[in-house]
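The values are calculated or read from the model by the stated rules, or taken from the named source; none is laboratory data. Because the structure is a prediction, the values reported are computed rather than measured. Using ideal geometry, Cβ is built from the backbone for each residue, glycine included, and neighbour counts are taken over all protein chains shown. Ligands, DNA and RNA are excluded from the accessible area calculation, which covers all protein heavy atoms including side chains. Shrake-Rupley method; radii C 1.70, N 1.55, O 1.52, S 1.80 Å.
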Amino acid sequence: MFARIMEMSEHPLRRRVVGEMHLRRWPRLSPPAQVVQVLRLLAPHEREGARALLADLPRGGFLAPSEALASEGLRHAEGDMAPGIAFAWELHAEACGITLFRRAPDADMSEALDWMARCPGQVIRATRIRLCASVEEARALLPEMGFVGSDLVSCEIGATGGEQGGRPVARMWSDFRIGPDGFGASLVALHDADACDSGDIARLLQAFQELGNYRNLALMGLPEAQAHWSALDAAEERLRDLAGDVAAGAAQGAGPAMTDDALLARVSAISLDLMHVAAQTGYRMNATEAYARLAEERLAALAVRPVAGHPSLVDFTQRRLLPAVRTCSAFARRVDQLQARAARFAALLRTRVETHIENQNGRLLRSMERSASLQLRLQQLVEGLSVVALSYYAVALLGYVFKGAEEIWPHLPAPLIIGLMVPLVVAGTWWAIHRMKARLLGHDEAH
């Protein structure tokens, strides 16, 4: 041990991350024992209420020492309720599970059950497990368990040494039905008494319960998929009608402006409906897939062996869970496919609209080009007329000048000089106009 504690600045998630790496095992159990577990779905505002239960234990109850209790993100706790009764509390992503362990047959569980009932949320699974010392003792209890014979599941679970080929640890019976008290019931009988000392039976029962919990949580996606399946049928029918209208419009060469706008509005409405369905069901479909994988892992960990005359846990799971999970997977794939089809339709229609706009712009540019060419020709004509007009007035003014000079100098050939000046005046006028035009255009381009 260090002579002094080193001061360190811990990351706020350090202890939570380390805590996640530790196994949350159930306490050791030995027959006769009973396990009662209730799993509740929590709304976001109910999570703190579930944590608050740990500060309101029944009289005589206490929590096991744990550094995690100081953490605001507490997700697991355990302790004792009363002599012979232990408990485990666990907070999942969307559920809270409370498990009671009655180790002594005469222990009173009434206060512990009342405390468990105060947990907020809605019950998604509630079960009771009775642990017997032998198969013969379990068979004697079967009549009072009230199992439905046609639904009774029984098989061997666990293997000594953790090997599939080892001797089974226990045998279980359950019909997985909800009884009159709202609880499902299971009966487990030990084959190997050493499993109590090693903790194998506690690990098996924990895996057995987790299998059922994850199975129920995974099955929650099936009603969602079934409820929204008709919406996907309607969306697919609307997309089919839309495809027919697009093909008909293209074949008839209909005017694109209004038709394409209407088609684009329709495909946008379909896309919004599909986005609404995806938003409502996406989380549950993803959760179903994740829970199903966890259930498969717990089923493999149980090392199930069938018993003649009864369906096993593997048979029960494959017959009921796998079809539901596959239905949810098919629903999720169908949502993605319809969204992709709607997106392709929208892209096609946008391309058509853009093409029509480009064609209109091309026609407008050609019209503007013809107009500009005509204006240029008119401008050139006006410039030519302007040169003639200005030259005419300039020559007229020069004529007055030379006619006045002829009065002073009678031998001055005024008409001849005026005639010779006409080309010069015209050329000078043309040069002056073009020079002025060049200066004006150069000034505009500079700005």
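When you look at V387, is it assigned to a helix (DSSP H, G or I), modelled with pLDDT of 85 or more and not polar (S, T, N, Q), yes or no?
So V387 fails the test.
Would you mind telling me which numbered condition in (1) of a type outside the set (F, W, Y); (2) in contact with a helix residue (DSSP H, G or I) (Cβ under 7 Å, 6 or more places away or on another chain); (3) at pLDDT below 75 V422 fails?
Failed condition: (3).
Looking at A88, A112, A138, can you tell me which residue is assigned to a strand (DSSP E or B), of a type in the set (G, A, S) and buried (at least 17 other Cβ atoms within 10 Å of the Cβ)?
Criteria check complete, one pass: A88.
Pull out all pairs, ordered by first then second residue, where Cβ-Cβ is under 7 Å, the residues are six or more apart or on different chains, the first lies in the range 113-131 and is within 23 Å of R103 (Cβ to Cβ) and without any contact (Cβ under 8 Å) to a residue 12 or more places away in the chain, and the second is buried (at least 21 other Cβ atoms within 10 Å of the Cβ) and not charged (D, E, K, R).
Taking only residues 6 or more apart or on different chains, not a single pair turns up.
Can you say whether R47 is surrounded by 15 or more Cβ atoms within 10 Å (Cβ to Cβ), out of contact with any helix residue (DSSP H, G or I) (no Cβ under 6 Å at 6 or more places or on another chain) and of a type outside the set (S, T, Y), as far as the supplied structure shows?
Working: surrounded by 15 or more Cβ atoms within 10 Å (Cβ to Cβ): yes; out of contact with any helix residue (DSSP H, G or I) (no Cβ under 6 Å at 6 or more places or on another chain): yes; of a type outside the set (S, T, Y): yes.
The answer is yes for R47.
What is the one condition in (1) assigned to a helix (DSSP H, G or I); (2) in contact (Cβ under 8 Å) with a residue 60 or more places away in the chain that A234 does not satisfy?
A234 satisfies all of (1) assigned to a helix (DSSP H, G or I); (2) in contact (Cβ under 8 Å) with a residue 60 or more places away in the chain except (2).
Could you please let me know if V123 is closer than 29 Å to P58 by Cβ and out of contact with any Ser or Thr (no Cβ under 7 Å at 6 or more places or on another chain)?
Considered against the rule, which asks whether it is closer than 29 Å to P58 by Cβ and out of contact with any Ser or Thr (no Cβ under 7 Å at 6 or more places or on another chain), V123 comes out as yes.
How many of the residues in the range 278-309 are open to solvent by 10 Å² or more (accessible area, probe 1.4 Å), touching a helix residue (DSSP H, G or I) at 6+ places or on another chain (Cβ under 6 Å) and within 20 Å of G221 (Cβ to Cβ)?
Qualifying residue count, the range 278-309: 7.
So which residues in the range 141-158 are of a type in the set (G, A, S) and surrounded by 20 or more Cβ atoms within 10 Å (Cβ to Cβ)?
Restricting attention to the range 141-158, the residues satisfying the condition of being of a type in the set (G, A, S) are 146, 149-150, 154, 158.
Matches in the range 141-158: S154, G158.
Of all residues in the range 287-300, how many are in contact (Cβ under 8 Å) with a residue 12 or more places away in the chain and over 14 Å from N213 (Cβ atoms)?
Of the residues in that region, 1 qualify.
Identify the single condition in (1) touching a residue at least 12 places away in the same chain (Cβ under 8 Å); (2) aliphatic (A, V, I, L, M); (3) farther than 30 Å from E236 by Cα that A342 does not satisfy, given that it satisfies every other one.
Looking at each condition in turn, A342 falls short on (3).
Mind counting the residues in the range 318-336 that are modelled with pLDDT of 90 or more and either over 15 Å from the mean Cα position of the chain (by Cα) or on the phi > 0 side of the Ramachandran plot (or both)?
Taking the range 318-336 first, the residues modelled with pLDDT of 90 or more are 321-336.
Pick out the ones that are also either over 15 Å from the mean Cα position of the chain (by Cα) or on the phi > 0 side of the Ramachandran plot (or both) and you get 321-327, 330.
Total satisfying the criteria: 8.
Within the range 347-368, does at least one residue satisfy the condition of being in a helix (DSSP H, G or I), out of contact with any helix residue (DSSP H, G or I) (no Cβ under 7 Å at 6 or more places or on another chain) and open to solvent by less than 30 Å² (accessible area, probe 1.4 Å)?
There is at least one residue in the range 347-368 that is in a helix (DSSP H, G or I), out of contact with any helix residue (DSSP H, G or I) (no Cβ under 7 Å at 6 or more places or on another chain) and open to solvent by less than 30 Å² (accessible area, probe 1.4 Å).
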